[in-house]
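Trainee: Sharing a structure below in structure tokens format, with a few things to ask.
A short reminder: the numbers here are calculations on the coordinates, not readings from a lab. What you are looking at is a predicted structure, and each value in this text was computed from that prediction instead of being measured. All Cβ positions, even for glycine, are placed from backbone atoms using ideal geometry, and neighbour counts span all protein chains on display.
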Amino acid sequence: MAHITLDIFRFDQGTDEVPHRDRVDIDVPETTTVLDALETAKAEVDGSITFRRSCRSAICGSCSMNINGVTGLACKTPCNTVLRSDGSIHIDPMPNFQPMKDLVVHMDPFWDKYTRLKPYLQPADRDEDHERERRVSPEDMKKLVEAANCVMCATCYALCPVVSVDPAFAGPAAIAYAYRFIEDVRDSKTKERLAQINDDYLWLCAHCYACSYCPKHVEPHDRIVDVKRRTVAERVHMDKPGPRHALVVNKTIRQTGMLAETEVIQGTVGRFNIRGLLKIAPLGMRMAAKGKMPPLFLRPIPKVDEVRTIYESLEVPVS
Ligand code: SF4
Ligand code: SF4
Ligand code: FES
């Protein structure tokens with residue numbers, strides 16, 4: 001048995017103005033998980049400790065929480081992998097959510113973004129038109145399996161720095177789930193789905209990979225790249241800054257081997273978008289005053305052919 005201390009965030013929105021922390025000492029088997037340790041603390045020390053859980057097997061997605069500052073599933077986290085040097089484990093609710101009671105948070109913003117996707121198949125024809133179920137080839141199904149494994153635990157959403165500064169951003173889970181329907185050959189609403197996820201600020205993703213920790217290996221950061229590529233391929237929202245920015249960055253690096261910042265700014269805002277260009281003019285003037293103005297034109301670097309070879313090998317889509 002191991003003697004450990006759980007240092008738990010405590011808060012009840014019904015009675016508390018500010019949160020406090022409780023330290024709970026327990027004895028648990030060496031191999032116990034953080035969730036089982038919480039269960040022990042609740043059963044043996046303080047029955048009021050509140051947290052969500054159901055399956056204890058990383059299937060239901062209920063028990064995501066912050067464990068020593070890193071968000072993850074408590075039922076998938078063995079205590080002996082996260083114990084601090086003083087034998088304690090600090091447990092907090094998921095960040096990017098409002099706490100409700102102890103480790104339970106208000107999930108509404110997360111579910112709202114999920115609901116906006118219309119997360120169900122919308123085929124062009126009716127079920128009655130098919131003698132049997134709608135068939136999908138193994139190749140087509142392979143593209144969906146990872147994303148369909150999402151258990152909506154919100155771990156990735158809690159880890160996303162863009163959600164924390166701009167709560168309007170759809171977040172990694174919603175975008176990965178949008179991918180699951182966008183790539184489904186049985187679905188007929190690809191363009192509508194792409195437009196919707198673009199409206200939900202798809203292009204705000206900063207590709208920081210903070211969401212790469214996903215207990216179900218959905219790899220939401222990769223699905224975001226896929227959805228952005230599909231947006232460009234389907235010519236959706238091409239009048240908006242997000243796709244325009246991606247294409248002009250792509251173009252200038254391919255042409256010169258470098259980022260031609262002046263062209264990128266013009267291409268993103270829109271060369272004929274006078275209002276948009278006037279809006280960023282003060283920034284340009286401040287940069288010029290500090291001697292930071294990027295050159296208007298760039299010559300290609302000497303080995304630009306090597307850069308182009310990389311593009312070709314990656315089959316990067318062109319504007
Ligand atoms: S993508 Fe992964 S981390 Fe995000 S909600 Fe789904 S299962 Fe959880
Ligand atoms: S890669 Fe994008 S979605 Fe994932 S955490 Fe970073 S900003 Fe958020
Ligand atoms: S209790 Fe179901 S995922 Fe942890």
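Trainee: Once the Cα atoms of helix 34-44 and of the chain are each reduced to a long axis, what angle between those two axes, in degrees from 0 to 90 to the nearest 10, is obtained?
Mentor: The answer is roughly 30 degrees.
Trainee: Would you work out the relative contact order for the chain, in percent, from Cα pairs under 8 angstrom that are 6 or more residues apart?
Mentor: With pairs under 8 Å counted, the relative contact order is 12 percent.
Trainee: Follow-up question, since we're still on this one. Determine the calculated [θ] at 222 nm for the chain from helices alone, applying -39500 (n - 2.57) to every DSSP H run no shorter than 4 residues and normalising by the residue count; nearest 500 deg cm²/dmol.
Mentor: Counting only the DSSP helices, I get -12000 deg cm²/dmol.
Trainee: Something else: Roughly how many whole Å is it from the C-alpha centroid of region 284-316 to that of region 75-99?
Mentor: 44
Trainee: Taking region 166-263, which trypsin sites (Lys or Arg not before Pro) meet the DSSP loop condition and have no more than 13 other C-beta atoms within 10 Å?
Mentor: Those that pass, being in a loop and sparsely packed, are R235.
Trainee: Could you pull out every residue, at least 5 positions away or on a different chain, whose amide H is within less than 5 Å of the one on S88? Hs are placed 1.01 Å off N in the peptide plane, and Pro or chain starts have none.
Mentor: Close amide H contacts, sequence-distant or interchain: T5.
Trainee: Which residue, Y311, F11, L73, has the largest displacement toward the positive end of the dipole of the chain when charges sit on each Cβ (Lys, Arg +1; Asp, Glu -1)?
Mentor: Going by the charge dipole, the pick is Y311.
Trainee: Of C205, C160, how do they rank once you tally other Cβ atoms within 10 Å and put the fewest first?
Mentor: C205, C160
Trainee: What are the ³J(HN,Hα) couplings of region 224-235, residue after residue, when phi is run through the Karplus curve with 6.51, -1.76, 1.60 and θ = phi - 60°? Round to Hz, x for glycine and proline.
Mentor: Per residue, the Karplus-derived 3J(HN,Hα) values read 5, 4, 4, 5, 5, 4, 5, 4, 5, 4, 8, 6 Hz.
Trainee: For the chain, which longest stretch is free of loop sites, where a loop site is one of the chymotrypsin sites (Phe, Trp or Tyr not before Pro) that DSSP puts outside H, G, I, E and B and that has at most 10 other Cβ atoms within 10 Å?
Mentor: Result, exposed sites excluded: 121-271.
Trainee: I need the phi-derived Karplus couplings for region 46-63: 6.51 cos²θ - 1.76 cosθ + 1.60, θ = phi - 60°, integer Hz, Gly and Pro marked x.
Mentor: 8, x, 8, 5, 10, 7, 9, 6, 8, 7, 6, 9, 6, 10, 7, x, 8, 9
Trainee: Right, here's the next one. Rounded to the nearest 20 debye, what is the charge dipole size of region 188-319 about its Cα centre when +1 sits on each Lys and Arg Cβ and -1 on each Asp and Glu Cβ?
Mentor: 440
Trainee: Taking the Cα centre of region 108-233 as the origin, how large is its charge dipole in debye, to the nearest 20, when only Lys and Arg (+1) and Asp and Glu (-1) carry charge on their Cβ atoms?
Mentor: Values: 19 positive and 21 negative charges, 42 e Å.
Computed charge dipole of region 108-233: roughly 200 debye.
Trainee: Return the long-range amide H neighbours of S62 (sequence gap of 5 or more, or a different chain), with a cut-off of under 5 Å between placed amide H atoms.
Mentor: Amide H to amide H, under 5 Å and 5 or more residues apart or across chains, S62 pairs with S54, C55.
Trainee: Against the longest principal axis of the chain, how steep is helix 304-314, in degrees 0 to 90 to the nearest 10, with axes from Cα atoms?
Mentor: For helix 304-314, the angle is close to 50 degrees.
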